[in-house]
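Shown next, in structure tokens, is the structure this report addresses.
The values are calculated or read from the model by the stated rules, or taken from the named source; none is laboratory data. Quantities reported herein were computed from a predicted structural model and do not represent experimental measurements. Reconstructed Cβ throughout: ideal geometry from the backbone, glycine too, with neighbour counts over all protein chains shown. Side chains included, ligands, DNA and RNA excluded: accessible areas come from the protein's heavy atoms. Shrake-Rupley method; radii C 1.70, N 1.55, O 1.52, S 1.80 Å.
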Amino acid sequence: MLFRSLKLMGLEGAKKVGKDVATEVARTAEARWMLLGAIVQTEPKMILTSQLVEVASGNAIAAQRITTSKGEDVFALVDRLTVAIKTDLLLPAEAFTEVDRHIADVTTHSTEAFRHYIEGVDFYNKYYFNDALQSFRKVIELDSTFAMAHYYVARMELDTVSRARAMQYCENASEKDRYFIRANDANLDGDVDRAASIMEQMIERFGEEKEALLLLGTFRFRQARYADAIDYRSEERRVGKECRSRW
């Protein structure tokens, strides 16, 4: 969604996005809140500041300033920022009963591997699949337990080793990512009914998710449920159409 919006605004490949542009992208995505942040210092300690902005009004409803403690890395910093933001959002009480897993535990403890992963996802979303594959394979070289890197390799190359590794390390991934991994495994097994069911469960759990809608539309087409396939693909494209109408 972010890449598509920036492309339509003529800002494809932009390294920095200003607040005005970020706000418009957030409105296009019908987001309620937007998080703006900056790294203001890296040595001797890393300091990160952020603002939580209500998209509709443009007002900042909270601000955070997090400083690394002795022995902490950037992942720990982000973990503490997440807790601060969660508190500032005034979420329902049920949200605070959920276990907050450390970001490194659901991705990687290697900052270099994480950098290549972000790069790979960016290439993938731009349909630069050869570049994406190269990035994800670099991730695996650095951290062979990174489940989502294996997931993308398995999707693009039907790599049986990465498919097995994605399932092997699935529990190390986030809850949302586990749905994608399991659905891809079912799809590669030829069990399109189970793959579609997993994507349905994900949408029910997390709400509108563009990639899940896209995959579910594809699965419905393969099930010869063409009307449903059109509905899901149309829903997946809806935000993109709204964005085009604005620009």
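Tell me, yes or no, whether the range 163-179 has at least one residue that is closer than 26 Å to Ala224 by Cβ and either surrounded by fewer than 17 Cβ atoms within 10 Å (Cβ to Cβ) or not charged (D, E, K, R) (or both).
Yes, the range 163-179 has at least one match.
In the range 193-216, how many residues are open to solvent by 50 Å² or more (accessible area, probe 1.4 Å) and either in contact (Cβ under 8 Å) with a residue 24 or more places away in the chain or touching a Cys at 6+ places or on another chain (Cβ under 8 Å) (or both)?
Residues flagged as open to solvent by 50 Å² or more (accessible area, probe 1.4 Å) and either in contact (Cβ under 8 Å) with a residue 24 or more places away in the chain or touching a Cys at 6+ places or on another chain (Cβ under 8 Å) (or both) within the range 193-216 amount to 5.
Find the helices (runs of 4 or more DSSP H) located wholly in the range 69-186 whose residues include 2 or more that are acidic (Asp, Glu) and modelled with pLDDT under 75, and list them.
Result: 74-88.
Conditions: (1) closer than 28 Å to Arg115 by Cα; (2) open to solvent by 80 Å² or more (accessible area, probe 1.4 Å); (3) at pLDDT 80 or above. Asn59 meets all but one. Number of the miss?
The single condition Asn59 does not satisfy is (1).
In the range 128-154, what count of residues is obtained for those that are crowded, with 18+ Cβ neighbours inside 10 Å and of a type in the set (Asp, Glu)?
1
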